[in-house]
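The values are calculated or read from the model by the stated rules, or taken from the named source; none is laboratory data. From a predicted model like this one, the values you see are computed outputs, not experimental measurements. Cβ placement follows ideal geometry from the backbone for every residue including glycine, while neighbour counts extend to all protein chains displayed. SASA here: full protein model, heavy atoms, side chains in, ligands and nucleic acids out. Shrake-Rupley method; radii C 1.70, N 1.55, O 1.52, S 1.80 Å.
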Amino acid sequence: MIEKNLLVLFGGRSTEHDISVKSVRNILKTVDTEEYTLLPVGITKDGQWLFVPDTEAIEKGVWEEKGAPCMLSPDSTRKSLFVFREGRWDEISVDVIFPVLHGLYGEDGTVQGLFELAGIPYIGCGVFSSACAMDKAYTKLVVSHSGIRQADFVLTNRDEIRDFDAVAARVEEKFSYPVFVKPSCAGSSVGVHKAENRAELESALTDAAANDYKVLIEETIVGRELECAVFDGGDGPVASGVGEILAAAEFYDFDAKYNSPESETDNHPVLPDGVEEEIREDARKIFRLLGCFGLSRVDFFYDGKNVIFNEINTLPGFTEISMYPKLFAEAGIDGKALTKKLIESAYHRKDH
């Protein structure tokens, strides 16, 4: 068997840098090293690319001290990673890329554009679907024509927020408090706040605008938080079962998601007849609407009567507590099998 070189990208410049590092530690353990030679590349928070062949350094959190400067060539005739070592640039061929990157500059189509220029097969959604799914506002606009229910919203931006009274008037004309305030293009619930009154709305808008130019204000949906994993290896989207988030906090914010030991997930939630299948079908439909490929996790609410779409994540977490790998493990596809399927999907992108 001829080994292929697998470039695994992690870290990144987004607010989800640390989550990416946690994710890659799990993924590296699941790669078949008899079939693939690992080329781990970490991106620091300030954007430096470092080649880190010592996976133990990644596990111990000292990869930035051990890494060598590198860059991925956009030249599609080379399909190479260039690594600066001992005063010279060494060229290493790359066969396939696994971007274990969350949030801006990793999940928003920017790095996918580099992969397309380089002409190297890669895991996950393409440029457009990544960009559209990362932007909650544009995702809502696409889904609004599908017949799938979602939370109503007001869209504003950093410039408009300078006239807070005008923005508040728009919100209060449409919704009663509380409302949820979200950066349009941040992930992992970063910058998300629940505002109970006008003063809290002003504080929430200020923080959300610090994380992104565009800001969403949504009506409050009271309901159970449910998630569905989707995989498409070239034969159409396959939906996992449904999992439920049991957040330790009032809502599933960043701390509740990653820092609270009291937050739990239930991979076998008890739901009324037909609800799980409706979620699975809506997840597949949204995946197709956005032109997704490879993998995504689609999140919903269930308010006791209605299934309500929340958001889609095109590069979901792969940490020890992440729902995407857990849901497929429940379906009999363990970590190694899932990683193998994801890598193989990179060679079947078709027109994505």
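Observations on the model:
- The residues on offer are R198, R149, and the sole one that is under 25 Å from the mean Cα position of the chain (by Cα) and charged (D, E, K, R) is R149.
- Enumeration of residues in region 276-296 that are open to solvent by 10 Å² or more (accessible area, probe 1.4 Å) and part of a helix (DSSP H, G or I): E276, E277, E278, R280, E281, D282, R284, K285, R288, L289
- The residue of region 12-23 that is modelled with the highest pLDDT, among those that are open to solvent by 60 Å² or more (accessible area, probe 1.4 Å) and not in a helix (DSSP H, G or I), is R13.
- For region 298-352, the set of residues classified as of a type in the set (D, E), surrounded by fewer than 18 Cβ atoms within 10 Å (Cβ to Cβ), under 21 Å from G106 (Cα atoms) and at pLDDT 95 or above consists of E344 only.
- Set A118, A137, A133: member being under 16 Å from the mean Cα position of the chain (by Cα), under 30 Å from E344 (Cβ atoms) and among the small types (G, A, S): A133
- Residues of region 52-62 that turn out to be open to solvent by less than 10 Å² (accessible area, probe 1.4 Å) and of a type outside the set (G, A, S), as a count: 2
- Only residues that are closer than 21 Å to V298 by Cβ and of a type in the set (F, W, Y) were counted across region 185-240, and they come to 1.
Every residue, every condition in (1) open to solvent by 20 Å² or more (accessible area, probe 1.4 Å); (2) touching a Gly at 6+ places or on another chain (Cβ under 8 Å); (3) in a loop (DSSP other than H, G, I, E, B), yes or no:
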site: L7; (1), (2), (3): no, no, no
site: F10; (1), (2), (3): no, yes, no
site: R25; (1), (2), (3): yes, no, no
site: L39; (1), (2), (3): no, no, no
site: D46; (1), (2), (3): yes, no, yes
site: L50; (1), (2), (3): no, yes, no
site: V83; (1), (2), (3): no, no, no
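- Residue match in region 115-124 (condition: in contact (Cβ under 8 Å) with a residue 12 or more places away in the chain and surrounded by fewer than 16 Cβ atoms within 10 Å (Cβ to Cβ)): yes
- Checklist (1) surrounded by 16 or more Cβ atoms within 10 Å (Cβ to Cβ); (2) farther than 29 Å from L338 by Cα applied to A133, failing item: (2)
- Residue ID - farthest from W49 (Cα to Cα), chosen from residues in region 72-81 that are polar (S, T, N, Q) and either over 28 Å from the mean Cα position of the chain (by Cα) or not in a strand (DSSP E or B) (or both): T77
- Failed criterion for E91 (all others in (1) more than 24 Å from the chain's Cα centre (by Cα); (2) surrounded by 20 or more Cβ atoms within 10 Å (Cβ to Cβ); (3) over 26 Å from S129 (Cβ atoms) hold): (2)
- The conditions of being in contact (Cβ under 8 Å) with a residue 12 or more places away in the chain, in contact with a strand residue (DSSP E or B) (Cβ under 8 Å, 6 or more places away or on another chain) and of a type in the set (D, E) are not met by D108.
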